[in-house]
Amino acid sequence: MVRGKALARCGLVLLSLWLCIQSVPISVDKTKEKPQQEELDPPESAETGLHYDRYLREVIEYLEKDPHFKEKLKNANIDDIKQGKLSKELDFVHRNFRTKLDELKREEMGRLRMLLKAKNDFKEGNGRTVDHQALLKQFEHLNHMNPDTFEVEDLDRLIKSATKDLENFDKDRHDEFKRYEMMKEHERRERLRRMNEEERKKEEQHYEEMKKKHADHPKVNHPGSEDQLKEVWQEADGLDPEYFDPKTFFKMHDTNGDGFFDETELEALFTKELEKVYNPQNEEDDMVEMEEERLRMREHVMNEVDTNKDRLVSLSEFMAATKKEEFHEKDEWETLDQNPLYTEEELREYERHLANAENDINQKSVELQRQKEELERKQSELNAQRMGLQQAVEEMERLKAQNTKAEVKHEGEPAHVVPGNTQPLPPTHQQQDVPVPGHS
């Protein structure tokens, strides 16, 4: 499966993919079909970029295997999905698939618990305030109050979360690219600042030459226009543009034959136009910019052609677009270099942000160095105490050994004889009569 399909697999996008699946007739008697355990293999599809991507894809893969749920999808519409009506059909999914969904949810709960614990430990270890509400948002795509079984509420939450997140997916990509471009310019200016006057002049001249060279390219046709599609028809398909037929063109470039152009199939149509502007062998051409240009082209076509906003272009939508005035657009497509992505003030603000971030890092570095020195000092004190304790123990052992040696020596000498009372006392020691008062 391609990335566009994976992105389409929830909410409005989810319905679109399922409609694509249903576009191919299945000649199976659903009343006799029974789920087979061997069919429950891990799914393989492109990533959506969401943090719960694997869970999302696996849930959808297993729901698609259930005959009843698949049949309901055939007749579902966008409103049914958004209002949660489709989610209620989960109650009729075969128990084999429900058991598997329960296992998937328990695995996802375990993964999230480990993820949140790691984030929490990291923030506390760095002295940061833990935003528990932000951490709990990691669980929005499932009902974490019931960690053991996959229920209707889980499917409803998954669809709503993925719909919302995927709607912001392209915006996030644009924001990331804007930061990328500002960083490029910031680094270029920093290099110039470190140069002497002669080097700076030479570098500026080279920079302007590269800009002119990049801007010198053949006309870029408006994406989705008749001229653009005819060029693909001629150069990629090898057909005479005089015999261009939109319906035939659609079927030729619907590579998986599902009756829809997904995002990846659309983006493939713009390769010839992009090659006019970008060449990976050229110093002046940035391939990151090429992918941003591809995204802009795809968004432009989707905005004009995808009337039901399901992130897919059906044959009927495509044919309707070829009858519009915009289809015959002759003006050249304005590329990124003709559309400034940021203002000078935005760049200055970004540089202030970088300077503040660098200052924070330097302060933390100083603090870490101080903590390191303090730990080393305490370690030295502990080593000194350990050495003193070791010396005291050795001294005690030495004294103990001396005492033991002395006792052994004393036991080997003859004992002294003490005279008993039976021995006559010397004359000076004979008992004297002591006069008793009152007696003569």
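Among the residues of the stretch 363-382, none qualifies, meaning not one is under 27 Å from ARG173 (Cα atoms) and either surrounded by 10 or more Cβ atoms within 10 Å (Cβ to Cβ) or at pLDDT below 95 (or both).
Can you work out which of the residues in the stretch 143-187 that are among the aliphatic types (A, V, I, L, M), at pLDDT below 85 and out of contact with any Lys or Arg (no Cβ under 6 Å at 6 or more places or on another chain) is farthest from ASP91 (Cα to Cα)? Residue satisfying both the conditions and the ranking: LEU166.
Over 23 Å from ALA320 (Cβ atoms), touching an Asp or Glu at 6+ places or on another chain (Cβ under 9 Å) and of a type outside the set (Ser, Thr, Tyr): does that describe ARG194? Taking the combined requirement at face value, the residue does not satisfy it. Going by the conditions given, is THR343 among the polar types (S, T, N, Q), exposed (fewer than 10 other Cβ atoms within 10 Å of the Cβ), over 30 Å from THR163 (Cβ atoms) and modelled with pLDDT under 90? Against the criterion (among the polar types (S, T, N, Q), exposed (fewer than 10 other Cβ atoms within 10 Å of the Cβ), over 30 Å from THR163 (Cβ atoms) and modelled with pLDDT under 90), THR343 does not qualify. The residue list ASN196, ASN282, ASN221 contains one member that is surrounded by fewer than 17 Cβ atoms within 10 Å (Cβ to Cβ) and touching a helix residue (DSSP H, G or I) at 6+ places or on another chain (Cβ under 8 Å), which is ASN282.
Counted as qualifying within the stretch 262-348 are the helices (runs of 4 or more DSSP H) with 3 or more residues that are small (Gly, Ala, Ser) and within 18 Å of LEU229 (Cβ to Cβ), namely 315-321. Taking the stretch 291-305 as the range and being open to solvent by 30 Å² or more (accessible area, probe 1.4 Å) and under 30 Å from the mean Cα position of the chain (by Cα) as the test, the residues that pass are GLU291, ARG294, ARG296, GLU299, HIS300, ASN303.
A single member of GLN234, GLN205 is in contact with a Pro (Cβ under 9 Å, 6 or more places away or on another chain) and either farther than 15 Å from PHE270 by Cβ or open to solvent by 70 Å² or more (accessible area, probe 1.4 Å) (or both), and it is GLN234.
Taking the condition part of a helix (DSSP H, G or I) and open to solvent by less than 50 Å² (accessible area, probe 1.4 Å), does GLU190 pass?
No: the conditions fail for GLU190.
What number of residues within the stretch 193-207 satisfy the criterion of being in a helix (DSSP H, G or I) and free of Cβ contacts under 8 Å to residues at least 12 places away in the same chain? Result for the stretch 193-207: 9.
Select, from GLU273, GLU185, GLU226, the only residue that is closer than 18 Å to GLU317 by Cα, open to solvent by less than 50 Å² (accessible area, probe 1.4 Å) and not polar (S, T, N, Q).
GLU226
The values are calculated or read from the model by the stated rules, or taken from the named source; none is laboratory data. As the structure is a prediction and not an experimental result, all values here were calculated from the model. Counting neighbours? That spans all protein chains shown, and the Cβs are built from the backbone with ideal geometry, glycine included. Quick note on the areas: whole protein, heavy atoms, side chains included, nothing else; ligands and nucleic acids left out. Shrake-Rupley method; radii C 1.70, N 1.55, O 1.52, S 1.80 Å.
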